1. In the protein assembly as shown, if the dipole is taken from +1 on Lys/Arg beta carbons and -1 on Asp/Glu beta carbons about the Cα centre, which of A:N175, A:A264, B:G162 is farthest to the positive end?
2. Using a 1.4 Å probe on protein heavy atoms, which residues of region A:289-324 have at least 50 Å² less accessible area in the complex than alone?
3. Per residue, how much accessible area does region A:123-229 have with a 1.4 Å probe, in Å²?
4. Would you mind telling me the antiparallel percentage of the DSSP bridges in the protein assembly as shown, rounded to 5?
5. Note the direction-averaged projected area, equal to a quarter of the hull surface, for the Cα convex hull of region A:9-114, in nm².
6. Quick one: Cα centre-to-centre distance for region A:28-70 and region B:277-344, in angstrom?
7. List the lysines whose Cα sits under 29 Å from the Cα of B:K216, skipping any in the same chain fewer than 8 residues away.
8. Which angle from 0 to 90°, rounded to the nearest 10, does the C-alpha axis of helix A:366-378 make with the longest principal axis of chain A?
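The values are calculated or read from the model by the stated rules, or taken from the named source; none is laboratory data. From a predicted model like this one, the values you see are computed outputs, not experimental measurements. Here Cβ is always computed from backbone atoms with ideal geometry, including for glycine, and neighbour counts include all displayed protein chains. Surface accessibility is based on the protein's heavy atoms, side chains included, excluding ligands, DNA and RNA. Shrake-Rupley method; radii C 1.70, N 1.55, O 1.52, S 1.80 Å.
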Amino acid sequence: MDFDFTQEQAALRDSARDYLSQKCTTQFVRTMFEDPTGFSKPMWKEMAGLGWLGLTFPEENDGLGLGMVELALMLEEMGRAVFPGPYFASVLLAGGAIKAAGDKSQKQKYLGGIASGDVIATMGMLEDAPNWDAEGIALNAQAGGGGFVLNGMKRFVPFAQAADVMLIPARTSKNADPGKGISLFLVEAKGKGVESSPMKNIDLTNKASEVRFNNVMVPEENVVGEIDNGWHVVQKVLQQAAVGASAEMLGAARKSMEMSVEYAKMREAFGQKLGQFQAIKHKLADMLVDVESSHSAVYYAAWAQDAQSADAALAASVAKAYVGDAARKVCGEAIQVHGGIGFTWDFDLHLWFKRAKFYEPMFGDAEYHRELAARALAG
Amino acid sequence: MDLNFTPEDIAFRARVRKWFEDNTPRGEMRTLDERKAWHRKMYEAGFIGMGWPAEYGGKNARPMEQAIVSDEMTRANAPSAVNGLGTSICGPTIIVHGNEQQKQRFLKKILNADEIWCQLFSEPNAGSDLASLKTRAEDKGDHYEINGQKVWTSGGTIADWGILLARTDTTVPKHQGISFFLINMRQPGIEVRPLKQITGGSEFCEVFFTNARVEKENLIGKLNQGWMIAQTTLGYERGSGTLNRVTAYMMSLRRLLGATRKLKKNGGAAFDDLLVRQKLGRAFVELEVMRYSGLRTLSRLEKGLRPGPESSIAKLYYSEYGKRYHEWVMEILGPYGNVLEGAPPEFSGPDRIDGGGQTAWGVSFLGSRGPTIYAGTSEIQKNIIGERVLGLPKEVRMDRMQSKGE
Ligand SMILES: Cc1cc2nc3c(=O)[nH]c(=O)nc-3n(C[C@H](O)[C@H](O)[C@H](O)COP(=O)(O)OP(=O)(O)OC[C@H]3O[C@@H](n4cnc5c(N)ncnc54)[C@H](O)[C@@H]3O)c2cc1C
Ligand SMILES: Cc1cc2nc3c(=O)[nH]c(=O)nc-3n(C[C@H](O)[C@H](O)[C@H](O)COP(=O)(O)OP(=O)(O)OC[C@H]3O[C@@H](n4cnc5c(N)ncnc54)[C@H](O)[C@@H]3O)c2cc1C
């Protein structure tokens, strides 16, 4: 039983924190607010050089061959730095699906491309209903012309404006069981018939788009995994996305808490430090309980993915449900502790508040994952 | 990171499970002698005081082994050890701060439950602010004479001995005038009156001292060092609690789940109601997080790290969880939750949290109000977290501005 990070894991976290605190300052982050692609190409190349863009990919695909624990560490640091860019979309979502179900040449081309920074990938899941179950997938893919023709729409596609390729789950056949008949396609983001329009978020560092598919031709070789049998791949990716999103929210929450503690030690009112008032002290204590409990939830869930433990799916739901609520509370209370300054645009605190809020509904909100937990309990 | 139990731990657990399956008494134990016999049996099996050093009758057991034993005890719904306070608080204090003569005199009899112990700290006007206690100990030459009152003394009626904090100097600041004594409870100067708790049971008592006697040799440490001694992290019983608490709630949650399948709501089973499922889901999610955090604590303890003030985080989490959980139980069961006797079997309550049979949901609910009060209230835990973990400045305290204990 060892809940501590290995030396290598701790070193990865430290180097991520060092790099991001130097390069990904909030000043830089703010320059990405109005940037349509939302990331810096030079920084992306540097991250490729550090191996981070292929963190979880096999070594033969130019990856580092690491697991979900390392990815969670990286994402926690990115949450802490409000890192702007398609890391989650490219590495965890699209990369995760290709790693799980892609064939040899797809892996070589796409994982290798993502790892080197030459290819930016994303994944479109939601359509008009924000539904994380298989019923949500209606986008139609019809066999024809030596491949498939896609028609339909995806919303909330992360960083579609920056992406070269999109992994798109689509319906290839209709069945009583909505989990059957879903197939995965790699679609050129700038290809014919693909139209993206931005959906601006409260978290300006997380770009998203509505993407319309009008008779988009996808060649046979761009089918990832088996025809009609793609849902289990999506499910696996959603599980890891739930853990990854929890890690980002944890990073945002811990940072917000630390800023609040520092502020409460410094700011004076009524002849005392704010931190001397129990109303503030107890709030901060509650925040620490939430943050430390979230840490346990995120890394247990990440470990469970890597160990393929029997409760891996449950642990992902536990993390997403728990950390979603906890980060909401912690980042919100941080604003409260800061008073008026916390409500301003120029003070950075809202960056984390928005990052945490962005991930709350993504990959299933707390209510959704509590329902999954209740089902798991009932066995 | 590796959250698997080692093969040795798994094998150890299997042995312990078998032992409790074979030996746990069936049916409720009625007499003190029966409870002592059960304690002794567990001691002889190596499960009591197992974290104590071997030279004092313990087994130098690792925190993980202690956690596993507690966990299996809970799983078997085994009655708790009658001398629990003796083995978890009183004995360890004597081991750390007592002299050789005191160790020889008391430790063995704690382990085998020959002498039952209680903790005489809280007073009517000294609870969270324990250092303002007023019970006095006067030097009478060959002994100390005790006058005053203690309250909320768990197990006071069955105790043979108690650890006592009393004031020995009223001229110095309050923390500096307290001493730590061992007191014989079986003497004319002590009157123990049971207090009925909100659960209806009588586990704690008030204790009155009228010229009661403490022999000189039963002072622990030096005179006026009592506060420091009381503050030391005692506890060779490390790791216990981390797993079994979760198991106890898990057993209760499964019982609740069963009830929701029988309970009717909206023309179907309550379990099929989305609001009920949200509550079950939340209870399960927060309980799993408690389990993960427990493993994290155990992993630190296994490396020989002390839990330190971070243990306040765990205390706060589980005690507050207990209250939330039981509120959900009561919401889900509606009027059935309030029934003490006469409910149909499917709505009868969970196993008692301290083992040894079943209780009603309502009693379990009422009991959940205790843990956020004893062993440091939630507010005190938050002060500790704020000041000692987060390093926030101390609040302005009137008592620190005064210099005297009175
Ligand atoms: C949208 C908005 C509009 C505003 N408009 C105006 C305006 O038109 N005119 C104007 O003059 N002002 C305005 N304000 C300022 C507002 O009145 C102050 O922000 C508010 O009084 C809090 O003061 P502060 O920001 O200095 O926070 P602080 O006083 O520093 O408080 C920080 C935190 O400490 C807590 N705290 C402080 N003292 C105690 C205590 N004794 N016990 C417990 N907790 C304590 C606070 O509750 C808060 O959580 C506005 C603020 C906002 C957000
Ligand atoms: C079931 C049970 C068993 C017990 N067993 C024993 C035992 O065996 N031996 C023993 O000695 N004692 C025992 N106790 C007593 C227990 O330790 C005290 O009840 C506890 O320390 C609280 O003290 P109090 O009851 O005097 O409450 P108070 O200290 O008067 O507290 C009342 C309220 O004020 C709050 N408060 C107090 N100080 C502060 C502060 N500085 N900041 C913010 N809020 C504050 C508290 O959190 C609480 O909410 C037991 C209690 C219970 C409930």
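1. B:G162
2. Buried-area filter returns A:V289, A:S296, A:Y300, A:W303, A:V318, A:Y322.
3. Here the per-residue accessible area is 43 Å².
4. About 85 percent, rounded to the nearest 5.
5. 6.4 nm²
6. Region A:28-70 and region B:277-344 have Cα centres spaced 39 Å from each other.
7. Candidates past the 8-residue exclusion: B:K103, B:K108, B:K109, B:K134, B:K140, B:K150, B:K174, B:K404.
8. Roughly 70 degrees, rounded to the nearest 10.
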